[in-house]
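Trainee: So that we are looking at the same thing, I have put the structure below in structure tokens.
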Amino acid sequence: MSAHPPERRAGLWLAALFVIAAVSVSFGFSDRAGQAGSRDLPTAGSGDQDAASPAQLDLGAQVYAERCQLCHGRDGAGGVAPKLAGGAAVARFPDPAEMVAFVLAGSEPGRPYGQGGEGTGGMPPWENVLSDEEVAAVVAYERSR
């Protein structure tokens, strides 16, 4: 059961669709939107916190708090899902584009992923949930911690 009433969920979905459409048009992704992991998202945060803007890191922190912390832990130390903080995200995905692709596509339960294949899978795909801007921001945020 969702924490939001049906009217609020509908409004959130409409807002999300508007943001996705706006970002798709502004970045020219509309012709590739259905291809998981193939979008050319900005991948600031390849381990160098200065590569991402403060605004992008703030958005990433917000997305992380709303979507990721339940499994990865409030401070990124892990929990149900693997640790992301302390350079763990960069170690698992040295190439930011691979991390973006993973966030978009998710993974099947029990299927190893990332460098070293230490994960256990089971992450939902975020491609049709998060906007391109949100994906880029949360990846930058996770890689900066």
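Only the coordinates and a few stated rules stand behind these numbers; no lab work does. This one's a predicted model, so the numbers in the text were calculated from it and none came from an experiment.
Trainee: Residue by residue through region 130-145, which ³J(HN,Hα) values in whole Hz follow from phi under the Karplus form 6.51 cos²θ - 1.76 cosθ + 1.60 (θ = phi - 60°), with glycine and proline marked x?
Mentor: Working through the residues one at a time gives 9, 6, 4, 4, 5, 4, 4, 5, 5, 5, 4, 4, 4, 6, 8, 9 Hz.
Trainee: HN-Hα J couplings of region 77-83 from phi, Karplus 6.51/-1.76/1.60, θ = phi - 60°, integer Hz, Gly and Pro as x?
Mentor: Karplus values, whole Hz, x for Gly and Pro: 7, x, x, 5, 10, x, 5.
Trainee: If you don't mind, there's one more thing I want to ask. Sticking to Cα atoms, compute the Rg of region 42-144 to one decimal and its Dmax as the biggest Cα-Cα distance, whole number, in Å.
Mentor: When restricted to Cα atoms, region 42-144 yields Rg and Dmax of 12.1, 36 Å.
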